1. Would you be able to say whether some residue in the range 288-311 is closer than 24 Å to Gly177 by Cβ and either touching a residue at least 12 places away in the same chain (Cβ under 8 Å) or not acidic (Asp, Glu) (or both)?
2. Can you tell me which condition Val102 does not meet? The list is (1) more than 22 Å from Gly172 (Cα to Cα); (2) open to solvent by less than 40 Å² (accessible area, probe 1.4 Å), and all the others hold.
3. May I ask you to verify whether Gly47 is open to solvent by 10 Å² or more (accessible area, probe 1.4 Å), more than 19 Å from Gln322 (Cα to Cα) and assigned to a helix (DSSP H, G or I)?
4. Could you tell me which numbered condition Thr81 fails, if it satisfies all but one of (1) farther than 20 Å from Thr153 by Cβ; (2) open to solvent by less than 10 Å² (accessible area, probe 1.4 Å)?
5. Listed residues Gly80, Gly123; which is more than 28 Å from Gly34 (Cα to Cα) and in a helix (DSSP H, G or I)?
6. For the range 279-295, which residues satisfy the criterion of being in contact with a helix residue (DSSP H, G or I) (Cβ under 6 Å, 6 or more places away or on another chain), open to solvent by 20 Å² or more (accessible area, probe 1.4 Å) and of a type in the set (A, V, I, L, M, F, W, C)?
7. Given the structure, is Leu16 surrounded by 21 or more Cβ atoms within 10 Å (Cβ to Cβ), outside any loop (DSSP other than H, G, I, E, B) and not hydroxyl-bearing (Ser, Thr, Tyr)?
8. Restricting attention to the range 1-53, which residues are modelled with pLDDT of 75 or more, over 20 Å from Tyr180 (Cα atoms), β-branched (Val, Ile, Thr) and more than 20 Å from the chain's Cα centre (by Cα)?
Amino acid sequence: METLNYFLPQVWFVILALFLFLYVMLDGFDLGVGILSLTSSDEERRGILMTSLSNIWDANETWLVLMGGGLFGAFPLAYGTILNALYIPILTMVFGFIFRGVAFEFRELARRKLFWNLAFGAGSFVAALGQGFALGAVLKGIKVDATGHFVGTTWDWLSWQSVLVALTLIQGYVLIGSTYLVWKTTGELQEAHYKTAKISAWTTLIGAIFITVTTPIFYQSARARLFEQPLVYIFAIIPLLGVLLVWQLLNSLNRKEERAPFVWTILLFVLTFIGLGLIVFPYIIPTQITIYEAAADPSSLVIMIIFIGFLIPVMLFYNLYQYIVFRGKITGDHYGR
């Protein structure tokens, strides 16, 4: 039983991290394309951007739903505490989702599309902003009492650090959205997003460097974790790998490659998640409550693993099938039809 109490929370930590990564990777370029739609110069270009998402975007948010359900079932204490601490960022994200979801459907039938175009772009920006504030607050740490319940204030999530994280996350979404559009579009529109990809790559890199430098300075728990043996060697390698991946990404953009920039961006996201996971683990509520303290009963965790074990392959197959079926380029002809 002691082995299960130690092993099962780790398994669920990895599962939730997988759900979060798949959501950020898949819905991340959706949000990025939505934000980029605000910069489109005419309705035809904006229509191509929307068409590139029309057959795939609705399934991507399913991973976020799975993560929320998994967190509730596996770590109920963390679920209640995190929601209590992050009501405003989470509601901001939800309202953003509502705006972009409604706008996506209504603009197709609207004669005057301007309002719905702005609603989709603004909803994407607001949703990304809410996610960034929530991530920044979690990395900063949530104030809890001895029993793990939130004891902070309504505005604890708001700080200059959370603002920096939010802006960097938005730039990351714009980057993956731009590289996705480089892959999916042609002509002048593709050229425009080669440029936005380069700009967002630099802004994301600058934000990431600033976060990496300031985090150990202002947070003692992160500083202790970063310089802990043997993790100090891993944390020394991750920034170097990150710079190398950005260099490869910029080279691929300069060479006008189409798929490689998207692949390099995904690898950047993978590397970022590995770094964040190593910093946070074994806490589910940084830096107070561990996964072992917040975990549900082992029998519940086992039952949920059996259920998730069937669901994950189905979801992965569905996502993969979508991208295979709709893998072609999007042009003005597609929009016209």
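The values are calculated or read from the model by the stated rules, or taken from the named source; none is laboratory data. Everything quoted here is computed from the prediction, not taken from an experiment. So basically every Cβ, Gly included, is an ideal-geometry build from the backbone, and we count neighbours across all protein chains shown. Heavy atoms of the whole protein, side chains included, go into the accessibility calculation; ligands, DNA and RNA do not. Shrake-Rupley method; radii C 1.70, N 1.55, O 1.52, S 1.80 Å.
1. For the range 288-311, residues closer than 24 Å to Gly177 by Cβ and either touching a residue at least 12 places away in the same chain (Cβ under 8 Å) or not acidic (Asp, Glu) (or both): absent.
2. Of (1) more than 22 Å from Gly172 (Cα to Cα); (2) open to solvent by less than 40 Å² (accessible area, probe 1.4 Å), only one is false for Val102: (2).
3. No: the conditions fail for Gly47.
4. Failing condition for Thr81: (1).
5. After applying the criteria, what remains is Gly80.
6. Within the range 279-295, Ile279, Ile284, Ala295 qualify.
7. no
8. Val11, the sole residue that qualifies.
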